[in-house]
1. For a 27 Å ceiling on Cα separation, which of these pairs sit above it: K127/K149; K87/K323; K251/K319; K156/K427?
2. Rank-order 159-169, 300-310, 251-261 by packing density, defined as the average count of other C-beta atoms within 10 Å over each peptide's residues, highest first.
3. How much net charge surrounds F162 when only other residues with a Cβ under 15 Å from its Cβ are counted (Lys, Arg +1; Asp, Glu -1)?
4. Order the peptides 324-330, 28-34 from the highest to the lowest mean number of other Cβ atoms within 10 Å of their residues.
5. What net charge do the residues around M293 carry, taking every other residue with its C-beta under 15 Å from that of M293, with Lys and Arg at +1 and Asp and Glu at -1?
6. Semi-axes of the equivalent ellipsoid of region 15-112: what are they in whole Å, largest first, if each equals the square root of 5 times a C-alpha gyration tensor eigenvalue?
7. Around P115, under 12 Å between beta carbons, what's the net of Lys plus Arg minus Asp minus Glu among the other residues?
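What follows draws every value from the coordinates through simple rules; no lab data is involved. Treat the numbers as computed from the prediction; the structure is a model and nothing was measured. A quick note on method: Cβ atoms are made from the backbone with ideal geometry, for glycine too, and the neighbour counts reach across all protein chains shown.
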Amino acid sequence: MPDNKNLERRRSSPVVEKQVDSNIVKALTSVPSFVGSFEIIRKLGQGSFSTVILARSHEVGKEVAVKCLVPTTCPSKAFSELDILRKLGGRCNVIGLLCTFRYEDSIFFMMDYFPHDHFTTFVHDAKFDEIRDYMKNLLIALQHVHKLKIIHRDIKATNFLFNRTLRRYRLIDFGLAEHEEGCVKRKPDDSTNLENLCGMAIKRPRLALSQRSTAEKKKLLGSVTNRFENDDPAIATGTFAHLRRKERVSKAGTAGFRAPEVLLNYAGQTAAVDIWSAGVLFLGLLTRRYPFMKPKDDETALAQIISIFGSESLALLAKRIGKKLICQPHISALSIRKLILCIRLTKKEDLIRRLSENSIENLPKEGSCSSLCPPTQCEKCERSLYCPTYSPICFCKKGDILGCSNNGEKLEIEENFIEKSVALLEKMLTIDPKRRITAEWALKAEIFK
């Protein structure tokens, strides 16, 4: 056990206080088992519901990550995360839980510290074999999680750490995770008979309300108002129509990674939501654009999905799950292969130059347009053309791909890898969750052989 002077020195360390919230430092240094064995090094990260700090063991020098849940965290959510981490057992690329402890309203999870690389650097220069290994190990982790009927709900780059040198991976942050059967809080009531819907008829009082005694008024009005004051939706049928329970649908996740069924408020969500998020991450790796989609709200997120996958598939999903989605005009689906090849092979400098050349100042004057001016719309789908180079192209599924290679080079190795990647990606980003591939089957894809 450290002496009081050393304890006070650590508590008042300016370096620690600058990086870690003082309340967290106070809470941790008040736990005898922690203070006697560990010291706080620095803050690793912070989210909406927790802060993660790095600590080091006094005895063996081992570094650990301590997740500090905010005091306002619902106890049931903390217990759920703890239960899920214990069940996963730190296997199959999932972060391991070492121990937990508590101080007053603060709850702490101590986990293995995993040194990792920054994804923002990796996404711009990742080699094909690195992308393949990254996705394979992510799917291995998801296969393990999903076999235990657990949904992670927040798959993204910052929650799947990787060490580029050691080729090791860890899936972290199960703060939003839940058991699959817990996604649907209640199924809609199928009873349609009049008695269940309306209950007993109201009996009209013989005397006017003003003529009733105080006790009778209280008894009569109390039976009415109590039905509206009761927060429990399970109200017995009686004087008023039976109130239908509302479905509480989880919309947890990060903007740009949420699956279509989540955005459409579908109650029957499954582990397929994680596969969609992993697919979006895969798309970002292949195009070297991360995050690939960054919507400001759910409506924008749906619009971005429609702009890539078309309006018909979203409308069919909405109809199947009892929702209604109206999209005017009709939007055709894009070719994922074209999208990836053209964005991936477009140099940022070329795109900036092309945009500069197409500025208002440089547009041809009326009547001066010649055959050298590129078309602005696709002849087959009437979409606006994308101009990464001097050969404008369209991402629609009709026609051949043109103008996507720098200097006209035939990058056969790259295109071969993209072909195999697209074959898997299209199954991961299938709009209907019932038809979306599982992690187990995704691992059998040609790209991993």
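1. Check vs 27 Å cut-off fails for K127/K149; K87/K323.
2. Order by mean packing, descending: 251-261, 300-310, 159-169.
3. Summing Lys/Arg as +1 and Asp/Glu as -1 gives +1.
4. Listed from highest to lowest mean packing, they are 28-34, 324-330.
5. +3
6. 20, 17, 12
7. Spelling it out: positives minus negatives among the neighbours equals 0.
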